[in-house]
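This report refers to the structure that appears directly beneath it.
The values are calculated or read from the model by the stated rules, or taken from the named source; none is laboratory data. In this text, all values refer to a predicted model and were calculated from it rather than measured experimentally. Every residue, glycine among them, receives a Cβ derived from its backbone with ideal geometry; neighbour counts consider all protein chains shown.
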Amino acid sequence: MKAEHYVGGVFRSDGPAFPLIAPVDGTELGAVPEATREVVDDAVAAARAALKGPWGAMAAEERAAALRRVADGVQARFEEFVDAEVADTGRPRAFAETVDVPRAVGNFRAYADLLYGRPERAYTTRVPGWSSGTGEALNYTVRRPLGVVAVVSPWNLPLLLSTWKIAPALACGNAVVAKPSEETPSTATLLARVMDDAGLPPGVFNLVHGHGPGAAGEFLTGHPGVDAIAFTGESATGAAIMRNAADHVTPVSFELGGKNPALVFADADLDAAVDGTVRSCFTHSGQICLCTERVYVERPVFEEFVSRLGERARALDGYGPMISAGHRDKVLSYLRLAREEGATVVAGGGAPEFGDARDGGFHVQPTVLTGLPETARAVREEIFGPVCHVAPFDTEDEALALANDSPYGLAATVWTRDLSRAHRVAPRVETGIVWVNCWNLRDLRTPFGGVKASGIGREGGEYSLDFFSEPVNVCVQI
Ligand code: NAD
């Protein structure tokens, strides 16, 4: 798979190249062109021009049809997308087959469908005396696209997360300039091929590759020609993008980091709670923003839970690597730090040795820790690897206080069979998403996003359409 920029309907590879490394065994997969400021300028200009062309005049139904053609195009190249995602990320093939690629298809279909169900608001009012005019009026609100939208996405769910923004942005009639992570450029390049084949007018979708700071990401998000930024990634990167966008008062939608808690009450179905926590901590080796890193367990079942979770973690195999050597080293440095801070390592705790080609890759063992104080860095900071810390609690209030004592607030999971407790606890957890007796069960129409340092705004269904369009009120005196 050759990574290429896609600008104004033309594929190009100008800019210095950097190597793409396979995380599964450390081999070189190919070269990626680094977009210069000129390439980014061209992409933004092409997007701007596209808004003045047929795309800008297109009825919502035609845009929906275009999105469906893109969905069909991804489906038609299903295996190619799976191959590319597996090569770039090292994830198990089944994950790409059941999550990444079907969800990308679903993202385009979901927003195409949603466009039809969207009512425009219209109502007549008698204008009250405090306004400068008087009399009856018909007010109606129309939605206008924002213009040129920058989509900057991370490496952990490359296709899924970028299309989660690209689809609603296009649905609303915007033009997009996307910059995928430098670690995972391949499915984005394939998506540009699909857009091209689907006959989207040139410039409606543009793709630039490259790094973030001082490079393509920064050029794009600080660009005066960009009307909105949709970003998923680390909270510190979100802060840098916000500073960069401040000069142009560019609106942002941010999905950022997390340090997600799970609360396991003694009345929970323990089999389900252990199963669910294995999934929530170790799916994609903990490299999903929704993954649990802090587990709080009510004291009567604490010992049993820890022992069962540890056993399950030790038995996991076939897990994928960290995305890069740098990220592997970061995760291992937290494991060292946790030991220094007094952690008991119940399972894992280091890099595995396979005795085969995988030893050239960037794997970390599924790891369960206990015994750390809540002030420990491994308990407070996002590790983004297959690592969780388990601590006991005695009361519901204490469980909530522990869960909420975090700068982050993305997602939480509550395990209990007590219906009243579930409804009492869930709304008091300070996160944007709370799952009860499940994890990562998603309805694409629901609000998705975080509070505190975990984000700004919500994505999903109407929430995305709201961000990617501007309501304009028209008041007609009658
Ligand atoms: P990252 O912040 O390092 O990079 C994300 C993207 O931003 C990349 O495309 C990168 O090139 C770009 N970038 C980096 N610095 C930039 C800058 N100064 N200006 C403009 N662009 C810049 O994140 P990552 O390591 O790729 O992804 C992991 C992080 O993403 C974790 O913190 C994880 O929690 C978070 N995440 C959040 C969600 C969510 O929905 N809340 C989903 C997935 C991942």
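General observations
- Residues of the stretch 445-471 satisfying the condition of being within 11 Å of the ligand (Cβ to nearest atom), farther than 15 Å from Gly233 by Cβ and not in a strand (DSSP E or B): Arg458, Gly460
- Of all the numbered requirements in (1) more than 16 Å from the ligand (Cβ to nearest atom); (2) buried (at least 18 other Cβ atoms within 10 Å of the Cβ); (3) not assigned by TED's automatic domain parsing to the domain that holds Pro366, Leu309 misses one, and that requirement is (3).
- Per-region count, the stretch 9-23, residues touching a His at 6+ places or on another chain (Cβ under 8 Å), modelled with pLDDT of 95 or more and not hydrophobic (A, V, I, L, M, F, W, C): 2
- Number of positions in the stretch 304-333 that are β-branched (Val, Ile, Thr) and part of a helix (DSSP H, G or I): 2
- All positions within the stretch 206-253 that are touching a Leu at 6+ places or on another chain (Cβ under 7 Å), of a type outside the set (Gly, Ala, Ser) and more than 14 Å from the ligand (Cβ to nearest atom): Asp227
- For Pro392, the requirement of being assigned to a strand (DSSP E or B), away from the ligand (no atom under 16 Å from the Cβ) and not basic (Lys, Arg) is met.
- Selection within the stretch 139-157 - more than 30 Å from Asn440 (Cα to Cα), part of a loop (DSSP other than H, G, I, E, B) and not hydrophobic (A, V, I, L, M, F, W, C): Gly147
- Checklist (1) over 23 Å from His363 (Cα atoms); (2) of a type outside the set (S, T, N, Q); (3) not in a helix (DSSP H, G or I) applied to Ala50, failing item: (3)
- Inter-residue pairs, beta-carbon under 7 Å, first within 18 Å of Ala43 (Cα to Cα) and of a type in the set (Ser, Thr, Tyr) and in the stretch 134-158, second at pLDDT 95 or above and within 10 Å of the ligand (Cβ to nearest atom), 6+ apart: Ser153/Leu161; Ser153/Ser162; Ser153/Pro180; Ser153/Ser181; Ser153/Thr232
- Hits in the stretch 53-90 - residues which are assigned to a loop (DSSP other than H, G, I, E, B) and either under 30 Å from Gly385 (Cβ atoms) or out of contact with any Gly (no Cβ under 8 Å at 6 or more places or on another chain) (or both): Ala59, Arg77, Gly90
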